[in-house]
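Contents: one structure, followed by commentary.
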Amino acid sequence: MNITQFAKLTSLTPHTLRYYEKLGLLTNISRNSSGHRVYFQADIDWVTFINRLKDTGMPLEQILKYAHLRAEGNATLNQRCILLQKHRDALKTRIENELEHLRMLDLKIAYYDAHKSLT
């Protein structure tokens, strides 16, 4: 598929995809006889994972570190696992904090709901 189709499938712009390629997040992108980029399912899967890491708050520098480790192959499985475990732990902490904020907001809203009728 071409870059426009790939961009639509991954919810990224062609500009962002070119930037990711320049950074080294997207590597070994095939080209057709005209020199245009051609993407495959493996590229979709990889960008989907990149998007998930971004959506869960992983900084781009950490995603790049993960990508470089991934490019090195199976010798880095342990390092990649550790990197993802640390990110998971940070995400869990952030979710717990957000849930606490939500509980406090719910308590305040319940307070106002209980006292609205008194005025």
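Rule-based calculations on the coordinates, nothing more; no lab input. Nothing here was measured: the structure is a model prediction, and the numbers come from that model. Quick reminder, even Gly has a Cβ in these numbers, built from the backbone with ideal geometry, and neighbours come from all protein chains shown.
Worth a mention:
- Residue (of Thr27, Gln85, Tyr111) at the positive-pole extreme of the chain, dipole from beta-carbon charges: Thr27
- The GluC sites (Glu not before Pro) of segment 19-119 that meet both conditions, a loop assignment by DSSP and at most 14 other Cβ atoms within 10 Å of the site Cβ, are Glu72.
- Calculated mean residue ellipticity at 222 nm for the chain: -24000 deg cm²/dmol, from DSSP H runs with n ≥ 4 weighted as -39500 (n - 2.57), summed, divided by the residue count and rounded to 500.
- Evaluated over segment 37-119, the count of Lys pairs having alpha-carbon atoms less than 17 Å apart is 5 (only pairs 8 or more residues apart or interchain).
- Amide hydrogen neighbours beyond the local backbone of Leu26, cut-off 5 Å, H modeled: Glu21
- Contact order relative to length of the chain, as percent, for alpha carbon pairs under 8 angstrom and 6 or more apart: 18 percent
- Near Thr4: Cβ cut-off under 13 Å, other residues only, Lys/Arg at +1 and Asp/Glu at -1. The net charge is +3.
- Under the Karplus curve 6.51 cos²θ - 1.76 cosθ + 1.60, θ = phi - 60°, whole-Hz ³J(HN,Hα) for segment 47-59, x wherever Gly or Pro sits: 5, 4, 5, 4, 4, 5, 4, 4, 5, 8, x, 6, x
- Interchain or long-range residues, amide H under 5 Å from Val38's placed H: Ser30, Arg31, Asn32
- Across every direction, the projection of the convex hull enclosing the Cα atoms of the chain has a mean area of 10.9 nm².
- Dipole magnitude for the chain: computed about the Cα centre from +1 point charges on Lys and Arg Cβ and -1 point charges on Asp and Glu Cβ, it is near 260 debye.
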